[in-house]
Structure formats: structure tokens, C-alpha cells
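A quick write-up on the structure given underneath.
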Amino acid sequence: MPPRTVTEDPRARRGKPDPNPLRLLIGVAGVASASAVLTALLPSVMPTQVVDAGAGFVAEAVPVPSVLHVTKFVTLKPGQTAPPNAPVVVQPTPTPRIRVVTVTRQSGKP
């Protein structure tokens with residue numbers, strides 16, 4: 001009788017894949033995204049500083065307000081004229097209101 005050879009069991013469990021490379025990739029992506037978010041938020045949170053080299057001190061910069069243009073509309077009275085180079089907008093006349101009165105035969109009243 002020939003010697004018996006040992007073969008692997010076809011139902012034997014296979015090894016699981018190593019999760020460490022994927023964990024490392026997810027960790028690096030998380031650090032990169034957190035860095036991007038903090039970089040985007042940091043300038044709006046922290047005040048800017050101005051360094052004066054001659055005096056040797058650091059002063060906080062005061063934000064300059066943006067220019068706010070205000071358009072003021074004035075209604076001219078009859079006989080008044082607009083100032084020179086002023087744009088004139090003609091006010092549209094309202095549509096006249098029409099009232100329909102129906103008289104019935106029975107009562108004779110509207």
C-alpha cells in the first residue's frame with residue numbers, strides 16, 4: 001500500500017486580509033480634512049496683526065467697514081425741479097379703479 005499523502009482540507013478557513021493599510025489611509029485622510037477645515041476657519045476667528053518694524057510693536061488691525069451706498073428717493077412737489085445731473089424716475093400713474101354697479105329689476109337698488 002502506498003503511503004498516504006496529507007492534503008489540505010478544502011473547508012479550511014482562509015486568513016483575513018490585513019486591515020492596517022486601510023486604517024492608515026483613513027487616518028491620513030481624516031488628518032488632511034481636519035487640517036483643511038481648520039485652515040479655512042482660522043482666519044475668520046483670529047484677529048489679524050500688523051507689525052510696525054520702526055516702532056517695534058504689534059498692533060491689532062481694525063477691520064475697515066465696507067462702503068454702504070444709500071439711494072434716497074425724493075418726491076418732488078408740483079413746480080419743483082430736480083438738481084442738475086440727478087437721475088429722474090417718473091412715478092407711474094395708478095390704474096383707475098372701476099366700480100361696476102348692478103341694478104336688479106326687483107328691488108331697483110344697487
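Observations on the structure shown:
- Sequence of 97, 23 once ranked by neighbouring C-beta atoms within 10 Å, starting from the fewest: 97, 23
- Length available on full extension from residue 34 to residue 74: 0.36 nm per residue minus the Cα-Cα distance, which gives 9.0 nm.
Readers should treat all values here as calculations from the given coordinates under stated rules, not as data from a laboratory. Here the structure is a predicted model, which is why all the values come from computation and not from measurement. Cβ: placed from backbone, ideal geometry, glycine included. Neighbour counts: every protein chain shown.
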